[in-house]
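Structure first, commentary second.
The values are calculated or read from the model by the stated rules, or taken from the named source; none is laboratory data. Quantities reported herein were computed from a predicted structural model and do not represent experimental measurements. No Cβ is skipped: glycine too gets one built from the backbone with ideal geometry, and neighbour counts run over all protein chains shown.
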Amino acid sequence: MKLLPSWILLGALCLMAAAPARAESAPDELIRQMSVEIIDTVKADKAIQAGDVGRIIALVDTKVMPHVNFQRMTASAVGRNWRAATPEQQKRLQEEFKTLLVRSYAGALTQIKDQTVQLKPQRGDPAETEVVVRTEIKGRGEPVQLDYRLEKSGDGWKIYDVNVLGVWLVAQYRASFNQEIATGGIDGLIAKLAERNKSVPKS
């Protein structure tokens with residue numbers, strides 16, 4: 001199963017966390033707040049800087065997941081086969097997909113040094129319930145494009161996809177997931193994800 005380069009999820013894993021979002025916050029302001037807060041958190045946490053996967057998982061569970069529609073993200077990555085999965089299979093897919101993202105890209109968090117985030121002008125109708133917030137990460141080297149797809153739900157805006165340098169996370173994984181499902185079905189994909197997760201170093 002092909003994995004994205006580690007820098008692809010640098011923003012996806014380290015810039016989606018924040019203090020509890022306020023429903024009235026505009027999506028671009030929410031992203032700005034999240035970006036500043038999570039970068040400051042990582043800079044101050046020596047364990048995360050050292051690649052402590054346990055600390056990173058705790059960060060994801062407590063800070064990231066409340067602000068992400070991870071069911072939609074997983075369903076979109078699985079594609080048309082999601083509806084054919086049982087509730088238990090859907091639960092397992094979400095668990096293994098989250099573990100894959102966290103464990104595979106934990107090392108990307110250690111790269112945060114002097115980065116700053118600049119928001120690009122927001123486009124579209126303010127009344128829209130789905131938007132794309134475009135940002136640029138600046139630090140050493142070339143700036144990195146980092147965009148978010150968000151949806152407006154009953155408790156505020158939630159992220160459901162991330163784009164780095166033109167690569168949308170969901171679309172990138174959908175191709176490999178569909179290939180695994182075509183070969184071994186939903187259970188085959190779950191087994192492949194579980195196998196991949198076991199092979200990724202835990203620290």
**Report entry** Close pairs (6 angstrom Cβ cut-off, 6 or more residues apart or separate chains): over 16 Å from Thr116 (Cβ atoms) and of a type in the set (Phe, Trp, Tyr) in the range 23-48, assigned to a helix (DSSP H, G or I) and modelled with pLDDT under 85 anywhere
**Finding:** none
**Report entry** Matching option when the condition is buried (at least 19 other Cβ atoms within 10 Å of the Cβ) and assigned to a helix (DSSP H, G or I), among Tyr148, Tyr173, Tyr160
**Finding:** Tyr173
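Select from the range 129-145 the residues that are within 19 Å of Arg72 (Cβ to Cβ) and exposed (fewer than 12 other Cβ atoms within 10 Å of the Cβ) and list them in ascending order. First the steps, then the outcome.
Just the residues of the range 129-145 that are within 19 Å of Arg72 (Cβ to Cβ), to begin with: 129-133.
Listed by number, the list holds a single entry, Thr129.
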Report summary line: Given the conditions (1) touching a residue at least 24 places away in the same chain (Cβ under 8 Å); (2) touching a Lys or Arg at 6+ places or on another chain (Cβ under 8 Å); (3) of a type outside the set (S, T, N, Q), every one holds for Tyr173 apart from (2)
Query raised in the report: Give me the pairs: first residue in the range 178-190 and closer than 14 Å to Arg92 by Cα, second residue of a type in the set (Lys, Arg) and surrounded by fewer than 20 Cβ atoms within 10 Å (Cβ to Cβ), beta-carbon distance under 8 Å, and six or more apart or on different chains, which are they?
Result: Ile190/Arg92
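Suppose we filter the range 30-61 for residues that are out of contact with any Gly (no Cβ under 9 Å at 6 or more places or on another chain) and within 17 Å of Gly156 (Cα to Cα); how many remain?
Final tally of qualifying residues: 4.
Go through the residues of the range 3-18 one by one and say whether even a single one is at pLDDT below 80 and over 17 Å from the mean Cα position of the chain (by Cα). Please lay out each step first, then the result.
Applying the first criterion (at pLDDT below 80) to the range 3-18 yields 3-18.
Those left that are additionally over 17 Å from the mean Cα position of the chain (by Cα): none.
No, because not a single residue in the range 3-18 is at pLDDT below 80 and over 17 Å from the mean Cα position of the chain (by Cα).
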Report summary line: Of all helices (runs of 4 or more DSSP H) fully inside the range 32-108, the set with 2 or more residues that are of a type in the set (Ser, Thr, Tyr) and modelled with pLDDT of 85 or more is 70-78
Query raised in the report: Just a yes or no: is a residue in the range 109-124 among the β-branched types (Val, Ile, Thr), assigned to a strand (DSSP E or B), touching a Ser or Thr at 6+ places or on another chain (Cβ under 6 Å) and crowded, with 19+ Cβ neighbours inside 10 Å?
Result: yes
Query raised in the report: Residue check: is Pro201 at pLDDT below 85 and within 23 Å of Ile57 (Cα to Cα)?
Result: yes
